[in-house]
Each structure stands twice: as structure tokens, then as C-alpha cells.
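Have a look at the structure below, then the notes.
The values are calculated or read from the model by the stated rules, or taken from the named source; none is laboratory data. This is a predicted model, so every value here is computed, not measured. Please note: Cβ atoms are built from the backbone with ideal geometry, for glycine as well, and neighbour counts cover all protein chains shown.
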């Protein structure tokens, strides 16, 4: 089914490969082209700030079947540079669809292309790795676009956190009261905040470059280092902040980019994955028990296990490629995971990680009843009651994230 008057468009990759299709949302944007294997959850993908700087290709052929709803958005706006599918649904079918996906993309000015062979495109990305690309309805000079892509920055070396973090600190009220946590917003997803708040954690959400001293001055019981976009290695100032937080003895939980920043703060190294992990079907094995969880992931970098100090124990591995999915620090309430325990979208196999962290926070001697918190013996209700809460309250609305212009692209030769 057509989406109004047909508008031709291109996706051009840095290796010169060209895909011709129909643009359902006009524009021209450059970015790193990655593929996502989730079968549903496209709105969560679009609004995940970790996709800043990337053009996302969905492997599921029909995208948009159930429209969009603000209730499932992971932030206030889409962050992808462009969106590509085999076919976008013109007429959604859902009892709670507020707006069709195509209309949503047009309103948000996200260039979107369909009608191409996405299987061929994904095979290309799997063989060559994530490639720089441009999606456009405004230009047809594929050769010139390929030349411009050679000058477009690689994702390796790009520090994108400052483009997505909150401009000012804000609070998220708890459902009940167990503890007070700081959450560093490197591009935090709403469901991370919701998952903590519905378990009784009052949250102070902080801008990415908040000094450790300012964070600790809040008297928080623990700190969460959130997900976010880009390469962690250029974030030297933030890595030093994480070192100071580690030295304080405060319980720490790292998720995705936060996991990588913890690894770097401990003296480890990170590296760029060939095409990254993007989707809701990544298998992760817990080494201690052999238990396998299917997880939601979205990252292009990973921690080198051999670079971690002896005090770190790798606890989980990805069963597809053997990369590190989690580590703990011996004798400290510090652990991190590469995947997304909050899912959104994806399976909920690992949601208990939040309970584990809150139990570690409650068990910390400094977080007892003398500071007005529950003792460890009363800290955690049964896991089954927490894994599937009914009608969780959404976090309070944060200040608007910055809305930076599209990444600068090189000007074509005259």
C-alpha cells in the first residue's frame, strides 16, 4: 500500500553499494548503518538515545503494524538518523495506536526508506561490518555521496553522550521508598528509570558530566551508569568520574555504555565490534550457573576481557561471539552488564538484575535505618512480585534533552 505520492530515495554505503527504494519520510541524513533484529518494538528503537548517529535497518520485513503510542517511547523524541525497512505499514491496526508510524516519522523529520532488499543489505553489513551511509530523498548523485562518505567520521572515536544527556538534573519519585539512587544520564532509557522507581528507588538523574563530588554530596545509596551512544574511550573526563565513584565505595551498576565506562575506569580496554549487537534476541550465559538468558542489546563496542584487572570476574558471556556481557568486582558492591535488563523492547529474562543491585545497596552498612532506609532484611520483596509489576507508574517527565542538528556532512564539491 502506498503512502501518498511516491518519492524515490537512495541508501548509499561507503563501499559504493546503492539501494534504491521509496522514501516515506523525506530528507537527507548521514550516519553509521546498523541492523536491528527485533520483531517488534520499533518505537522503542527509534527513541533510544543510544542510536544517535546511526541509520537503523530493521530485519523484520513489516514495520509499523501497530502504529505508535507515547506510552512506549524511551525518550521524548526519535534519535536515529534514518530508518529503513522492507515495508512500512500504511494503515496500522491496534486499539491503542495514537499515530501511524509513517506520520510519526514525518512529524519527527526522520528520513525513512522502504521497498529495498533488506536481506541483501543485512548480508552486506554482516560481511563488511557496520558501514557509513546516507539515506536521501533529495539527491541522486550516488558517486558524489560515496565520496562524501569517505570524509564522514567513523563511529570509533565519536563522543556522542553530550548530544543526548539531560541539560539539568531532575528527580523521579519512587513507588514506595527503599533507597535513593543517582542515575548518570548518558542517554538513559525511560524503562531503566521506571524499573528502578517501581522497586522503591527515588532517583536523582544527573547530566553526564556531573562531578563525582556533586553526586556523592547528594547522599545517595548507590549510582547507576546508564546506556548511551558512541565510543566510550574519548570520554576521559567521565571515566575519571567513574574512578572517583569506585574509590568512594558506593554501590555501582553499569548498563551498556555504563558497563564499558566501568571497564575503562578499572584500567581495561574496549574495542569496536564488527556490526554490533542490536536486537532483542541475544543469548547470554551466566558462567556460575550455566543459565542462559535471551537479552535485549544495542551497542557497537565491547570490553576486552584480558584487559580487566584480577579483581574483576567476568560473569557472563555472549553465546554468539563470546564477548563479555557482565563482570563483578571481588568484595565490592559493583557489577555491570552489557545488555539491557529493562528490555524495552525485548524479553524480560534479566529484569532481576535490578533486584540484585537494590539488595546490594540495602546490604551496604552505610545504608541502614540510621539514614532513614529499610534494613537489609526488609529490603527486597519476592522476586516474582517484582519481575512483572502491574501497571507501573511512569517516571516524572524529565527536562527536554538537547535537540542538536543532524551531524554535519561534508559539502559536495562545486
- Residues of segment 341-357 being more than 15 Å from residue 36 (Cβ to Cβ) and touching a helix residue (DSSP H, G or I) at 6+ places or on another chain (Cβ under 8 Å), in sequence order, are 341, 342, 348, 351, 352, 354, 355
- Looking only at strands (runs of 3 or more DSSP E) that fall completely inside segment 127-202, which ones have 2 or more residues that are surrounded by fewer than 21 Cβ atoms within 10 Å (Cβ to Cβ), modelled with pLDDT of 95 or more and in contact with a strand residue (DSSP E or B) (Cβ under 9 Å, 6 or more places away or on another chain)? 170-172
- Query: Given the residues 142, 201, which is the only one that is touching a residue at least 24 places away in the same chain (Cβ under 8 Å) and in the same structural domain as residue 275 (by TED's automatic domain parsing)?
  - Reply: 201
- Could you pull out the residue among 319, 287 that is surrounded by fewer than 16 Cβ atoms within 10 Å (Cβ to Cβ), in the same structural domain as residue 251 (by TED's automatic domain parsing) and over 29 Å from residue 131 (Cβ atoms)? 287
- Task: Within segment 262-297, work out how many residues are touching a residue at least 40 places away in the same chain (Cβ under 8 Å), touching a helix residue (DSSP H, G or I) at 6+ places or on another chain (Cβ under 7 Å) and not in a loop (DSSP other than H, G, I, E, B).
- Result: 2
- Message: Residue pairs, Cβ under 6 Å, 6 or more apart or interchain, first in segment 103-118 and farther than 14 Å from residue 46 by Cβ, second part of a loop (DSSP other than H, G, I, E, B). List them.
- Response: 118/86
- Task: Could you pull out the residue among 231, 221 that is over 25 Å from residue 299 (Cβ atoms), assigned by TED's automatic domain parsing to the domain that holds residue 302, at pLDDT 95 or above and crowded, with 18+ Cβ neighbours inside 10 Å?
- Result: 221
